[in-house]
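A quick write-up on the structure given underneath.
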Amino acid sequence: MKFASSENVDVKKNVIIFILISFFLFFVDRTNNKYLITVRQSINDAIIYTTVVVKSPFHFLIEASTSVTNFFKKDEFIDKDQISILENKVKELENEKITLNLQLDNLKKITGEENYKFETVQTKVLLYKSNILHQTIIINKGSNDNIKIGDPLIKNNILVGKILKTNFNSSHAILITNINSRVPVRIGKKNYNAILVGNPNSDRLLDLEFLPKEFIFEDGDYIYTNSIDGIMPDGLLVGQIKYDDNKKYYAKPLYDFTQLDYLTVVKLNKGK
């Protein structure tokens, strides 16, 4: 004769009790009896507050963990932002140093050349349009800010483009990579004169026109603006000469295409 073990009996009792409680709770939940409604509400409150009490340590741990994570993320963001600002400042100072050295070399070679200082104004890019033929931007400064057609746009002392059309509080500008752009430049230590234009086959490269018949470029030669006819301030960095694997040179701009959010307008004050 087999006898049920006490453990099996306890399990069965627990299952039966659980089923009865479930049916009771279901009945209480569905009934409209005013007395049982009070019971139901009490049971629901008990379940809710019990759940809150049970979960509160987990919520505390999650919130604490999130707070700590956000704290470090915030610090990390601030640190990255500060590092980015410092890197941009270092880059700007490096470019200014290169420009000053180029201007100094020119002043030594060309007697009577003057070094002009121009007023500048900070501006924000509102729109940026780019395709293989046209690269234009719209900025939030215009004639009310004394912006004029032909004024250069720079970023970290690097030429980005020039003003094409002005409105009262906005202006259209073309980038130097636009095929309609024309910028007088000097190239390298030998100061080859040329006109820099956009490359019709690439929106990331530049072409050089009206070069002398005989010229020799070195890899890494800087391209910078020429102040002939007062079209551009002298000595603004524009691009750099590079050679490909086939020993063929090409010119590339120096500015970062992903950093065209804020620019500087150099006010030439033409017509005054």
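Observations on the model:
- Scanning the stretch 201-229 for residues that are surrounded by fewer than 18 Cβ atoms within 10 Å (Cβ to Cβ) and either touching a Leu at 6+ places or on another chain (Cβ under 7 Å) or hydroxyl-bearing (Ser, Thr, Tyr) (or both) turns up just one, SER202.
- Only residues that are within 30 Å of LYS148 (Cβ to Cβ) and either touching a Gly at 6+ places or on another chain (Cβ under 6 Å) or among the polar types (S, T, N, Q) (or both) were counted in the stretch 232-250, giving 1.
- Of all residues assigned to the stretch 209-220, at least one qualifies as being modelled with pLDDT of 90 or more, closer than 27 Å to LEU100 by Cβ and acidic (Asp, Glu).
To keep it simple, each residue is scored yes or no on (1) surrounded by fewer than 18 Cβ atoms within 10 Å (Cβ to Cβ); (2) within 21 Å of the chain's Cα centre (by Cα); (3) over 15 Å from LEU236 (Cα atoms).
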site	(1), (2), (3)
LYS141	no, yes, yes
ASN144	yes, no, yes
ILE149	yes, no, yes
ILE154	no, yes, no
PHE168	yes, no, yes
ILE176	no, yes, no
ILE179	yes, no, yes
ILE187	no, no, no
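The values are calculated or read from the model by the stated rules, or taken from the named source; none is laboratory data. None of these values were measured; they are calculated from a predicted model. Virtual Cβ from ideal backbone geometry, glycine too; neighbours counted across all protein chains shown.
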